[in-house]
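Structure, as structure tokens:
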Amino acid sequence: MRGGAIGDFLMTLPAIGALRERWPEAHIEILGYPHIIELARGRYYADAVQPIEARAMAGFFVPSGTLDPTLMKYFGSFNLVISYLFDPGSVFADNVRQCGVRQVIEASARPSHERGMHVAEHYCKPLESLAIYSAQTCPRLFPNDEDREVATRFLQGVASEPLVAVHPGSGSEKKNWPAEKFAALGRWLVDELAVELLIMQGEADDEAVGRLTKLLAPRRVTVVRGLKLPELAAVVERCALFLGNDSGVTHLAAAVGTPTVAFYGPASLQIWEPRPWRADGVRVVQFGAEDVAAGRKAIEELWAGRAAMR
């Protein structure tokens with residue numbers, strides 16, 4: 001059971017992956033927000049997914065609530081339920097136990113900044129009660145062939161490689177690096193490194209994307225919008241570099257193995273910094289007077305590493 005935004009889910013993938021590694025033949029289902037958990041369905045982690053916001057679920061969040069018989073049978077069919085839901089008073093967990101589940105683990109959805117433990121490690125911690133100690137705490141995504149076919153069709157209109165993806169938005173304006181600074185790096189990337197820029201646009205990114213594309217004119221950019229998350233992951237996977245804020249899309253880029261530069265401001269917590277599953281594939285740049293220069297240095301380091309890998 002996993003609610004939350006894109007980044008919340010991606011940081012839970014190492015825990016789900018540890019379950020898959022421990023029980024390769026197990027049937028694993030994930031309940032969450034459909035457009036997010038689709039990243040895992042049939043892509044290594046989950047055999048099936050279910051929507052968490054189904055109306056019949058409401059009774060499970062009420063003390064001694066009336067439980068839907070179909071859902072009771074559904075939950076009762078599992079040996080193990082792990083809930084990362086915010087569940088004060090264990091209301092949901094206790095209702096699920098009434099369904100006959102053999103074991104219910106209540107995992108904390110809210111990591112503590114004071115402890116200094118990275119969120120991916122925090123989400124793996126509850127598995128220790130199952131004697132599962134995960135050494136891999138870097139989220140990883142596995143786009144499938146269909147995702148990659150969509151990405152190929154989408155990119156047919158893009159002139160050439162290398163591709164660099166930029167996501168100037170996030171879930172909070174306080175976390176957004178100024179568009180003027182993204183534009184400064186974008187102009188340098190196009191003019192000096194001859195890259196093709198892809199600008200990622202989510203539902204709340206209209207203003208940030210509009211401002212950035214205007215600042216980059218007359219250079220050509222391709223705005224990426226309207227793709228499902230697994231398809232977006234496949235597009236970002238094709239990129240030589242990703243630049244973004246403290247956002248779920250930045251975590252997505254790191255999770256597909258694209259070299260990533262993340263810009264973090266005062267509203268961002270270090271425990272949420274993206275983690276690379278490929279060695280040395282992420283740089284985090286803090287907002288400040290010299291952050292454009294720091295961003296350029298980070299790009300140069302990752303670009304050199306990319307050349308060395310080739």
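Could you go through the stretch 148-158 and let me know if any residue there is farther than 30 Å from Asp191 by Cα and in a loop (DSSP other than H, G, I, E, B). No - not one qualifying residue is present in the stretch 148-158. Selection of the stretch 238-273 for residues being part of a loop (DSSP other than H, G, I, E, B), modelled with pLDDT of 95 or more, within 16 Å of the chain's Cα centre (by Cα) and not charged (D, E, K, R) yields Ser247, Val256, Gly257, Thr258, Pro259.
Go over the candidates Leu85, Leu13 one by one and state the one that is in contact with a Gly (Cβ under 7 Å, 6 or more places away or on another chain) and on the phi < 0 side of the Ramachandran plot. Don't jump to the end; show me each part of the working.
On the way: Leu13 fails: in contact with a Gly (Cβ under 7 Å, 6 or more places away or on another chain).
None of the others qualify; the one that does is Leu85.
For the stretch 228-235, check the following and say yes or no: at least one residue is assigned to a loop (DSSP other than H, G, I, E, B) and among the β-branched types (Val, Ile, Thr). Within the stretch 228-235, none of the residues are assigned to a loop (DSSP other than H, G, I, E, B) and among the β-branched types (Val, Ile, Thr). Test Arg278 against the stated conditions and say whether it is of a type outside the set (Ser, Thr, Tyr), within 15 Å of Ala184 (Cα to Cα) and assigned by TED's automatic domain parsing to the domain that holds Gly257. It is false that Arg278 is of a type outside the set (Ser, Thr, Tyr), within 15 Å of Ala184 (Cα to Cα) and assigned by TED's automatic domain parsing to the domain that holds Gly257. Once the stretch 51-61 is narrowed to residues that are of a type outside the set (A, V, I, L, M, F, W, C) and either outside any helix (DSSP H, G or I) or over 30 Å from the mean Cα position of the chain (by Cα) (or both), the residue that is farthest from Ile28 (Cα to Cα) is Glu53. Is it the case that the stretch 275-298 has a residue that's within 19 Å of Ala40 (Cβ to Cβ) and either free of Cβ contacts under 8 Å to residues at least 40 places away in the same chain or out of contact with any Leu (no Cβ under 7 Å at 6 or more places or on another chain) (or both)? Yes. Exactly one residue among Ser134, Ser77, Ser64, Ser112 is at pLDDT below 95 and closer than 21 Å to Ile28 by Cβ, and that residue is Ser134.
The values are calculated or read from the model by the stated rules, or taken from the named source; none is laboratory data. If you're wondering where the values come from, they're calculated on a predicted model, not measured in any experiment. Don't worry about glycine lacking a Cβ; one is built from the backbone with ideal geometry, like all the others, and counts go over all protein chains shown.
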